[in-house]
Amino acid sequence: DNNGTWINGTGTSFNATEGTHTYAVRQIDTAGNISEASAAKTYVLDATAPTATLNINSSDVSAQSSEAGTGYLVNSTVTINDVLSITNSADNLWNSVDITSANTPTTISTTGLAVGTYYLYTVDAAGNISAQSSASYSVIG
C-alpha cells in the first residue's frame, strides 16, 4: 500500500512489512505495458512474538500474555521449536489454556503433570511463540 504509491516487486513477490496493509497488484510486461490493478486486498502481518508471564500464588498458577492466544505450561525437558514440539510431546509434560484477554492472568491447570520444572510459553493468533517465562513452576512427587 505504501500510502497509495506503487512499489516495484520482482516476479511474483514484494516485500511485506509488519502491520495492516491494503494492496493491489499490477504487472508490467517487457514492452512496458501496464495491466489493470487487481482488486484491493487487506492483510495483517504479525511477526512479533508475545511475552509470557507465569504467575504463581498460594491458590493457583496463571498464564499471562501480551497478546490473546494460547498459554502452554511445558516441562523443561521438552525442546521448544514451535507449537507442534509442545503438543506432540507426552500429555503429562504440558497443559494449555486459552488466553482471551491480553495482559490478564488466566488460571492454568497443573493437574496430571509429571514431576519436574515447568515454564510458560504463549502463542498468538498468528502462531508466533514467546520465549519461555522467567518464572518456573515445580511439580514435586
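Values quoted throughout were computed directly from the atomic coordinates according to the rules given, and no laboratory measurement underlies them. Fair warning: this is a prediction, and the values are worked out from it, not measured in the lab. Using ideal geometry, Cβ is built from the backbone for each residue, glycine included, and neighbour counts are taken over all protein chains shown.
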In segment 1-42, the chymotrypsin sites (Phe, Trp or Tyr not before Pro) that fall in loop regions by DSSP, at most 16 other Cβ within 10 Å: Trp6, Phe14
Helix-only [θ] at 222 nm, the chain, -39500 (n - 2.57) per DSSP H run of 4+, per residue, nearest 500, equals -500 deg cm²/dmol
So, R0 is 35 Å and r is the distance between the beta-carbons of Thr30 and Asn128; what FRET efficiency does that work out to, to 0.05? 0.30
When the Karplus curve 6.51 cos²θ - 1.76 cosθ + 1.60 is applied with θ = phi - 60°, which whole-Hz ³J(HN,Hα) does each residue of segment 17-30 get, with x for Gly and Pro? 10, 5, x, 9, 9, 10, 9, 9, 10, 8, 10, 10, 7, 5
Kindly identify the chain as rounded, prolate or oblate by the Cα gyration tensor criterion: order the square roots of the eigenvalues as a ≥ b ≥ c, call it rounded if a/c is under 1.5, otherwise compare a/b with b/c, prolate if a/b is larger, else oblate. prolate
The answer for Ala68, listing residues at least 5 apart or on another chain whose modeled amide H is closer than 5 Å to its amide H, is Ala102
Once you have a ≥ b ≥ c as the square roots of the Cα gyration tensor eigenvalues for segment 79-126, tell me rounded if a/c is under 1.5, and otherwise prolate or oblate according to whether a/b is larger than b/c. oblate
Would you kindly state how much longer the chain becomes between Phe14 and Asn92 on full extension, computed as 0.36 nm times their sequence separation minus their alpha carbon distance, in nm to one decimal? 23.7 nm
Cα-centre dipole for the chain with unit charges at Cβ (Lys and Arg positive, Asp and Glu negative), debye to 20: 100 debye
With a ≥ b ≥ c the root eigenvalues of the C-alpha gyration tensor of segment 40-82, is it rounded (a/c under 1.5), prolate (a/b larger than b/c) or oblate? oblate
So, in nm, how far is label Thr104 from label Asp60 when the simple model puts each one 7 Å beyond its Cα toward the Cβ? 1.2 nm
